[in-house]
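Take a look at the structure below.
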Amino acid sequence: MDKNEKIDYEAKFVLSNKQFSQGDQRDEARYLFVKNRYKKCVLCESDEIEETNHVAGGRWSGGCYGTDVFKCKKCGWTTSFQYDEDSEPPCYYETHRWLKRIEKEREEEKEKEKE
Ligand SMILES: [Zn+2]
């Protein structure tokens, strides 16, 4: 993923006492969701995704960590990503292993569009 890529934040904030995972945690579903920039439900393809940021804590360095929960307003599909603002960007460290694959697939899709 492009490091300059921004995620739209209209997130709600909630305090939580620890990081957690919620909803659909299947690799393929979450991979697709990340590839679609956290904006498209993998079940019904709706772009009405509600995000809730559960802040679990912060450090003296200023970085917070916690869990962001994404929920489709249309069908209720839910997934979550743990984040740590002190990790390598993007702060959703669970997605790091997918980034190369996403980049590659996007390149391939661009090439296809040119044809
Ligand atoms: Zn949905």
Residue set Q19, Q82; condition over 12 Å from the mean Cα position of the chain (by Cα) and of a type in the set (S, T, N, Q); output residue Q19
Answer yes or no: is there a residue in region 89-105 that is modelled with pLDDT of 95 or more, exposed (fewer than 13 other Cβ atoms within 10 Å of the Cβ) and more than 16 Å from the chain's Cα centre (by Cα).
yes
Could you please give the count of residues in region 60-91 that are farther than 14 Å from K39 by Cβ, part of a loop (DSSP other than H, G, I, E, B) and either touching a strand residue (DSSP E or B) at 6+ places or on another chain (Cβ under 7 Å) or more than 16 Å from the ligand (Cβ to nearest atom) (or both)?
11
Within region 14-51, the count of residues that are more than 16 Å from the ligand (Cβ to nearest atom) and either part of a loop (DSSP other than H, G, I, E, B) or at pLDDT below 95 (or both) comes to 9
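The values are calculated or read from the model by the stated rules, or taken from the named source; none is laboratory data. Here the structure is a predicted model, which is why all the values come from computation and not from measurement. Virtual Cβ from ideal backbone geometry, glycine too; neighbours counted across all protein chains shown.
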